[in-house]
Amino acid sequence: MPDIWILRIGHRPQRDKRVTTHVALSSRALGASGIYVDTEDKVLEENVRSVVERFGGDYKIETGVSRKKLLKDFKGEVVHLTMYGQRLDEALPKISKEKDLLIVVGAEKVPPDVYQRADHNISVGNQPHSEIAALAIFLDRFTDGKNLYSDRDGLLTVIPNERGKTVVEKNS
């Protein structure tokens, strides 16, 4: 499986902090390698790194990244999630499982250059919806759900059960 990266554009720290955090955490949980955010936000970086430290994995976060430079320099395929794109079920077979993937997730109006640079403009449904939901559905389908319960060798491990909360702490 190639590396999967997320590019979050239009992040507004005061307004979008929870949503962008959830974009990062959802993408981490569903197998992405990391996230780039176009707006610098050190608090967001600290929060995501804290989750990675506690729950494991090697997920990366970098904020203050130039959208235009990243889109220009990225060597793999670029997927832009938009409700105006091609249907997910029609687009998935066209996406390489051999090349790295950059998934663009917008917060506000997405500039035209993103649509033009994207190898795939994909809609997850054609109704207004959450970018977090669209990203989660896309990643789950692209990876065939293989990351839902993968162990990331963290300090904490959640053990699924029907009732109650079971969290196992690794002995230090």
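The values are calculated or read from the model by the stated rules, or taken from the named source; none is laboratory data. As the structure is a computational prediction, the values presented were derived from the model and not from experiment. All Cβ positions, glycine included, derive from the backbone under ideal geometry; neighbour counts span all protein chains shown.
Going by the structure shown, is Ser27 closer than 17 Å to Phe142 by Cβ and either free of Cβ contacts under 8 Å to residues at least 24 places away in the same chain or within 15 Å of the chain's Cα centre (by Cα) (or both)?
Judged against the criteria, Ser27 is a match.
Set side by side, the residues Gly76, Gly64, Gly57 differ, and just one is closer than 30 Å to Val43 by Cβ, of a type outside the set (S, T, N, Q) and touching a helix residue (DSSP H, G or I) at 6+ places or on another chain (Cβ under 7 Å), which is Gly57.
Of the strands (runs of 3 or more DSSP E) lying entirely inside segment 110-172, those containing at least 2 residues that are more than 19 Å from Ser26 (Cα to Cα) span 120-123, 166-169. Taking the criterion of being hydroxyl-bearing (Ser, Thr, Tyr) and within 21 Å of Gly85 (Cα to Cα), the residues of segment 123-164 that qualify are Ser123, Ser130, Thr143. Take the residues in segment 99-135 that are touching a helix residue (DSSP H, G or I) at 6+ places or on another chain (Cβ under 6 Å) and either without any contact (Cβ under 8 Å) to a residue 12 or more places away in the chain or more than 22 Å from Val65 (Cα to Cα) (or both), then tell me which one is surrounded by the most Cβ atoms within 10 Å (Cβ to Cβ). Filtering segment 99-135 for residues that are touching a helix residue (DSSP H, G or I) at 6+ places or on another chain (Cβ under 6 Å) and either without any contact (Cβ under 8 Å) to a residue 12 or more places away in the chain or more than 22 Å from Val65 (Cα to Cα) (or both), the one surrounded by the most Cβ atoms within 10 Å (Cβ to Cβ) comes out as Ile122.
Could you please find all residues in segment 45-71 being at pLDDT 95 or above, in contact with a Lys or Arg (Cβ under 8 Å, 6 or more places away or on another chain) and not polar (S, T, N, Q)? Of everything in segment 45-71, those that are at pLDDT 95 or above, in contact with a Lys or Arg (Cβ under 8 Å, 6 or more places away or on another chain) and not polar (S, T, N, Q) turn out to be Val48, Val51, Val52, Tyr59, Ile61, Leu71.
From the list Pro2, Pro112, the one residue that fits, being more than 17 Å from the chain's Cα centre (by Cα) and modelled with pLDDT under 95, is Pro112.
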